[in-house]
Amino acid sequence: MSPNWKQLIEELRAVGMGVEQIADAAKCSKSMVNQLAGGSRGARLSYSIGAALVVLHKQKCLVSSSAPSA
């Protein structure tokens, strides 16, 4: 089962990443990120882009949520 790309992009945006930053990290276009965020793409996403998005999400979102609060 593939990740929910729309939710993944939303969570990256929620931690302060912009569309351009996400696109650069995933080595895809800003248009692709916007389509994923809108739910109109994702069913046939290339492995390299999907893997890059999952790694980015783990780095940015899971680290942020597990950091101790001050």
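Answer yes or no: is there a residue in segment 48-61 that is at pLDDT 95 or above, exposed (fewer than 15 other Cβ atoms within 10 Å of the Cβ) and not in a helix (DSSP H, G or I). Taking every residue of segment 48-61 in turn, none turns out to be at pLDDT 95 or above, exposed (fewer than 15 other Cβ atoms within 10 Å of the Cβ) and not in a helix (DSSP H, G or I).
Filtering segment 2-29 to residues that are over 12 Å from Gln59 (Cβ atoms) and in a loop (DSSP other than H, G, I, E, B) leaves Ser2, Pro3, Asn4, Gly16, Gly18, Lys27, Cys28, Ser29. Of the residues making up segment 18-65, those that are among the small types (Gly, Ala, Ser) and under 16 Å from Gln7 (Cβ atoms) number 10. Which pairs turn up if I take residues in segment 1-23 that are open to solvent by 60 Å² or more (accessible area, probe 1.4 Å) and look for partners that are among the β-branched types (Val, Ile, Thr) with beta carbon separation below 8 Å, at least 6 apart in sequence or on another chain? Close Cβ pairs (under 8 Å, with a partner that is among the β-branched types (Val, Ile, Thr)) amount to Arg13/Val19; Arg13/Ile22. Per this entry, Ser29 is counted among residues that are at pLDDT 95 or above and among the small types (Gly, Ala, Ser).
The values are calculated or read from the model by the stated rules, or taken from the named source; none is laboratory data. None of the values given here were measured: they were computed from a predicted structure. Cβ atoms come from the backbone with ideal geometry, glycine included; neighbour counts cover every protein chain shown. When the accessible area is computed, the model is the full protein with side chains, heavy atoms only, and any ligands, DNA or RNA have been set aside. Shrake-Rupley method; radii C 1.70, N 1.55, O 1.52, S 1.80 Å.
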